[in-house]
1. Checking the structure you have, find out if any residue of the stretch 76-86 is touching a Pro at 6+ places or on another chain (Cβ under 9 Å), of a type outside the set (Asp, Glu), closer than 23 Å to GLY46 by Cα and at pLDDT 90 or above.
2. Taking only the stretch 91-149 into account, find how many residues are of a type in the set (Lys, Arg), touching a Lys or Arg at 6+ places or on another chain (Cβ under 7 Å) and within 26 Å of ASP71 (Cα to Cα).
3. I need the full set of residues from the stretch 72-115 which are touching a residue at least 60 places away in the same chain (Cβ under 8 Å) and among the β-branched types (Val, Ile, Thr), in order please.
4. Tell me which residues, restricted to the stretch 127-167, are touching a strand residue (DSSP E or B) at 6+ places or on another chain (Cβ under 9 Å) and among the charged types (D, E, K, R).
5. Looking only at the stretch 42-77, which residues are in contact with a helix residue (DSSP H, G or I) (Cβ under 7 Å, 6 or more places away or on another chain) and within 23 Å of ASP197 (Cα to Cα)?
6. Among ASN79, ASN62, ASN40, which is under 28 Å from GLN125 (Cα atoms) and in contact with a Gly (Cβ under 6 Å, 6 or more places away or on another chain)?
7. Quick check: is even one residue across the stretch 126-149 out of contact with any Ser or Thr (no Cβ under 9 Å at 6 or more places or on another chain), of a type outside the set (Lys, Arg) and within 21 Å of ASN189 (Cβ to Cβ)?
8. Please verify whether the stretch 16-24 includes one or more residues that are modelled with pLDDT of 70 or more and not small (Gly, Ala, Ser).
Amino acid sequence: MGIFKNLFGKKKKASSSKQNELGKYMPKVKIPVDEQFTLNFKKNGGKFIYCDSMEEVAENFNSILEENNWDIKNVLCYNDSLKKRFRNFNIEYTIKDPSFFLTSCEALIADKGSILISSNQIKEQRLNDLPNDFILFATTSQLKETISEGLRTIKNNRQEFFPTNITSLKHFKFSKEKDFMTYGNSTKNLYLLLLEDL
């Protein structure tokens, strides 16, 4: 009995001394924005797919369609450049009974693992009126640490009209139980195709 006590006792002392090396008043180690986003996004239930090239984006997009049997399906998409980008797939763009929503975003918010969208992506639709399944195409240059940085980016982009209907998506797992923290939030099954562009 004494041997095990000595062995396990020493390990506990060693591990507690490592925790105190930095001290409790030292600033926390800052995680890079891309890593922070990935961790928080996955914790929220999002499906994250990193791509090095447009060929990888196309392969992964096709895999998502096959996995969900969305081939030859109706798709809701308001973005003309995305329609062109994914025109070689066997999908049809429509507003009637779409299987999923294909979109881009304003920014990817790292500290919350959320997606910032506006009327540029969803027009004047409410999130609850959109399909439950999303495929989102974004680039690494859209990663922002906080929502205020994301809003600043929207403000600094010189556009003819300032977008309205700005909101964020942050719940990607469906839960049977509704609690106070998720009340009023729209949960979406979201696939993120993230293209490296930096």
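1. yes
2. Number satisfying all stated conditions: 0.
3. ILE109, ILE115
4. ASP133, LYS144, GLU145, GLU149, ARG152
5. PHE48, ILE49, CYS51, CYS77
6. Sole residue among the options that is under 28 Å from GLN125 (Cα atoms) and in contact with a Gly (Cβ under 6 Å, 6 or more places away or on another chain): ASN40.
7. Yes: one or more hits.
8. yes
The values are calculated or read from the model by the stated rules, or taken from the named source; none is laboratory data. This is a predicted model, so every value here is computed, not measured. Positions of Cβ are generated from backbone atoms using ideal geometry, with glycine treated the same way; all protein chains shown enter the neighbour counts.
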